[in-house]
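Each reported figure results from applying straightforward, stated rules to the coordinates on display, with no laboratory input. Just so you know, these numbers come straight off a predicted model, no measurement behind them. Don't worry about glycine lacking a Cβ; one is built from the backbone with ideal geometry, like all the others, and counts go over all protein chains shown.
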Amino acid sequence: MRKVLLGVMAASAALWIGSAQADAELAKSSGCLNCHNVDTKLVGPSLKDVAAKYAGQADAADYLAGKIKNGSNGVWGTIPMPPNANVSDENAKKLAEFILTLK
């Protein structure tokens with residue numbers, strides 16, 4: 001029984017890691033990493049800073065998905081974030097959820 005439980009846990013961890021890598025690739029292919037870095041400020045804030053700012057807010061994923069799709073101005077300074085019309089609503093939500101997992 002213990003071997004089965006360990007196997008299930010290992011498979012779950014592999015799926016989670018695979019999902020995180022897929023989301024990181026989505027961030028790269030969507031152009032997010034042209035202006036954002038995971039750990040440090042680039043043109044825009046680091047993705048970890050974004051996650052920290054919205055941590056614990058119930059509607060954070062929907063709010064950020066909207067910012068990804070429609071752009072933003074004045075939230076993090078004077079440089080606006082342009083809208084990303086090439087990202088589907090589904091992928092914008094995946095990206096927002098991914099960002100919120102970063103610590």
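Among the residues making up segment 43-82, a single one is among the basic types (K, R) and more than 16 Å from C32 (Cα to Cα): K53.
Screening the candidates L33, L26 for the property of being surrounded by 13 or more Cβ atoms within 10 Å (Cβ to Cβ), among the aliphatic types (A, V, I, L, M) and farther than 16 Å from M81 by Cα yields one hit, L26. Number of residues in segment 24-79 that are touching a Gly at 6+ places or on another chain (Cβ under 9 Å) and of a type in the set (F, W, Y) equals 1.
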